[in-house]
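What follows draws every value from the coordinates through simple rules; no lab data is involved. From a predicted model like this one, the values you see are computed outputs, not experimental measurements. When we count neighbours, we look across all protein chains shown, and the Cβ atoms used for this are built from the backbone with ideal geometry, even at glycine.
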Amino acid sequence: MVVVGTRPEIIKMAPLIRALKAEEVPAVFTHCGQHYDYNMSQQFIEELELPKPDFSYVLKTYSQGTQTARIIIHMEKLLKKTAPSLVLVEGDTNGVLATALAAVKLGIAVGHVEAGLRSFDFRMPEEHNRRLTDHVSTYLFAPTEIAKRNLERENVWGKKFVTGNTVIDAVIQHISIARKKSKILKRIHSEQFALATAHRAENVDDSTVLKNFVEAFEEAPIPVVYPMHPRTRKRLRQSKICAKVQKIKNLKILPPLGYLDFLVLMEKCEMIITDSGGIQEEATAPPIRKPVLVIRLSTERPEAVKAGFAEVVGVEKDKIVKAMERTITQPRKLPDKSPFGDGNAARKITKIIKKELGF
Ligand code: UD1
Ligand code: UDP
C-alpha cells in the first residue's frame, strides 16, 4: 500500500506508483487526508495522472496531536481490513508517522522513502516524525550516503538502501509536459524574478519571522513571486502586517500552484528563496539548476549546500536581502548533476521491494 497525505508526498510518490505499476507489483493507493484543499491535494493527483486513490479520508484542521491520532485510527482500521504485506510512506509529515505507527503495531512492514534526513533542529515536528518513522521501518530508502550514515549512527532496526530521491524522477518526468501545458508565465510581468515559498511552522507561526520575510521581499533587489501555502495565508491574516502585504509592489502573491506551473517558475526564475524541503532538492535537478537561499536556521539537505546549490541564510531580513544581492551580482557556478540522484530512484526502490517481498 502506497500512502500519501500532503502535496509533496503526492509529487514524490508519483514516480514510485508508476514504477510499481510498470513492474506489475500489485499496490493499492491511499490518501490519509492531511491536506484537503483541492489545490493542495486532488489537483496533484489529476495533473500527475495518478489513479484515483482506492481509499481516502478528509481530516480537516486539527492540532498536531489530534491530527496524528486520527490518522492512526483511520489507518489501523484500513490496514486491518486490507492486510498489505508492505506499507510505503514518504517523508516526514504527521501522516507519515501516524501511518507507520498504525502499520508496525499490526505487524505490517513499513518502507520509508526518503529515510535518514536529519536537521538536528528539535523544534521541528518533521524532525520528530522522520526520526520515529525511521526507527519503526523495516526498509529504509535513503536518498544519499549522508542519509544512510545518519541511520547507521542511530542503529535503526531495518534494512538500509541508498536509492536517490524520487523528486528528481518527478522533475525529469514532468518538465516537458509543464513547458507545453503551463500558462503561468502570462501572469508574471517581469523578466527577472525570484521565486519564494515559506510555510514551516517554526517560521510562519512566529510573527517576528513572518514579518522579516515580508520585509525582505519588499526590499528585494528583484521582484518576488510567492505562491502562498494555506498555513502562511492563515498566519498572515491573523497578523498586523496583512494590509501592508497587499500593497507591496515588489511582491506578487499567488495561491498555491499546481506542479506544472511551479516547475515552470522554478525553471525561469533567477533564484529560489524557500524553507521547503522538496524545493531544495528540485533546484538541483538538471532541468532546473537554480541557486537556493534557505530561509531557515538549519537544513536536513546538506548535500544541496555541499554541491553549491543551496545556502542557509537564516531568517533575518538583512541577511536574506544581502544574500539575494550576492546571488545576483556574484552568480555561482552550479554543478550539472544533482546530489539527490539521476532520476531512477523509483525504479531502484521498486526493484528492492520486488526482491525483498519475493515477487
Ligand atoms: C505539512 C507538514 C510539513 C510539509 C507540508 C507540505 C507536518 C507536521 N507538517 O505542513 O512537513 O512540509 O505539510 O506542504 O506534518 N491547510 C489548509 N488546507 C489544506 C492543508 C492545510 O487550509 O489542504 C491549512 C490549515 O489551516 C492547517 C494548516 O494549513 O491547519 C497546517 O496544515 P498541516 O497539514 O497541519 O501542516 P502544513 O503546514 O501543511
Ligand atoms: N509546489 C507546488 N506548488 C506550489 C509550491 C510547491 O507544486 O505552489 C511543489 C514543489 O515543486 C515541491 C513540493 O510542492 O515538489 C514542495 O512542497 P512543500 O514545500 O509544501 O513541502 P516540503 O517539501 O517542505 O515538505
- Once Lys and Arg get +1 and Asp and Glu get -1 on their Cβ, which of F193, A220, S207 lies farthest toward the positive end of the dipole of the stretch 191-265? S207
- Item | R0 of 35 Å, Cβ-Cβ distance D37-K355: FRET efficiency to nearest 0.05 | 0.35
- Query: What GluC sites (Glu not before Pro) in the stretch 108-184 are in a loop by DSSP, with at most 13 other Cβ atoms within 10 Å of the Cβ?
  - Reply: E154
- Restricting things to alpha carbons, find the Rg to Rh ratio for the stretch 143-238 using the Kirkwood radius for Rh. 1.10
- Task: Would you mind listing how long the chain runs along its three principal axes, going by Cα atoms, in whole Å with the largest first?
- Result: 56, 42, 41
- Output ³J(HN,Hα) for the stretch 328-339: one whole-Hz value per residue in order, computed from phi by the Karplus curve 6.51 cos²θ - 1.76 cosθ + 1.60 with θ = phi - 60°, and x for Gly and Pro. 7, 7, 10, x, 8, 7, 9, x, 7, 9, 8, x
- Query: Under a point-charge model restricted to the Cβ atoms of Lys and Arg (+1) and Asp and Glu (-1), what is the dipole moment magnitude of the stretch 116-226 relative to its Cα centre, in debye to the nearest 20?
  - Reply: 680 debye
- Message: Below 14 angstrom from the Cβ of A102, what's the summed charge of the other residues (Lys, Arg +1; Asp, Glu -1)?
- Response: +4
- Item | Residues whose placed amide H lies under 5 Å from that of R296, excluding near-sequence neighbours | V313, G314
- For the stretch 280-359, with only Lys/Arg (+1) and Asp/Glu (-1) charged at the beta-carbon, what is the dipole magnitude about the Cα centre, in debye rounded to 20? 240 debye
- Task: Under a cut-off of 13 Å between alpha-carbon atoms, report the aspartates and glutamates in cross-link reach of K319, not counting same-chain residues fewer than 8 places apart.
- Result: E215, E219, E311
- Query: If we count every other residue with Cβ under 11 angstrom of I177's Cβ, Lys/Arg +1 and Asp/Glu -1, where does the sum land?
  - Reply: +1
- Query: What is the pair-distance distribution P(r) of the stretch 1-128, computed from all Cα-Cα distances in 10 Å bins starting at 0, with each bin given as a whole percent?
  - Reply: 13, 46, 35, 6, 0
- GluC sites (Glu not before Pro) lying in DSSP loop within the stretch 191-257, provided at most 11 other Cβ fall within 10 Å: E191
- Determine Rg/Rh for the stretch 225-334; Rg is computed over alpha-carbon atoms and Rh is the Kirkwood hydrodynamic estimate from the same atoms. 0.96
- the chain - charge dipole about Cα centre, Lys and Arg +1 at Cβ, Asp and Glu -1, debye rounded to 20: 500 debye
- Could you give the angle, 0 to 90 degrees to the nearest 10, between helix 94-105's Cα long axis and the longest principal axis of the Cα atoms of the chain? 10 degrees
- Per-residue ellipticity at 222 nm for the chain, helices alone: DSSP H runs ≥ 4 residues times -39500 (n - 2.57), over residue total, nearest 500 deg cm²/dmol? -13500 deg cm²/dmol
- Among V315, F262, Y139, whose Cα sits farthest toward the positive end of the charge dipole of the chain (+1 at Cβ of Lys/Arg, -1 at Cβ of Asp/Glu, about the Cα centre)? F262
- Item | Largest-first ellipsoid semi-axes for the stretch 264-328, taking √(5λ) over the Cα gyration tensor eigenvalues, angstrom | 17, 14, 10
- the stretch 220-262 - Rg over Rh from alpha carbon coordinates, Kirkwood radius: 1.00
- Item | Furthest towards positive pole of dipole, N94, I273, I177, structure part the chain, Cβ charges | I177
- Using a simple spin-label model with points 7 Å from Cα along the Cα→Cβ vector, what separation in nm is obtained for R179 and K60? 4.4 nm
- Links exceeding 31 Å between C-alpha atoms in this model, out of K21/K268; K306/K348; K234/K322; K77/K183, come to K21/K268; K77/K183
- Task: Considering only DSSP beta bridges where both residues belong to the chain, give the percentage that are antiparallel (nearest 5).
- Result: 0 percent
- Run the numbers on the chain and let me know its relative contact order in percent, using alpha-carbon pairs under 8 Å that are six or more apart. 16 percent
- Once the Cα atoms of helix 259-268 and of the chain are each reduced to a long axis, what angle between those two axes, in degrees from 0 to 90 to the nearest 10, is obtained? 40 degrees
- Item | Paramagnetic reach from K81 in the stretch 48-67 [backbone N under 20 Å; point 7 Å along Cα→Cβ] | 51-60
- Message: Using a Förster radius of 22 Å, what is the FRET efficiency between Q192 and K333 based on their Cβ-Cβ separation? Nearest 0.05, please.
- Response: 0.70
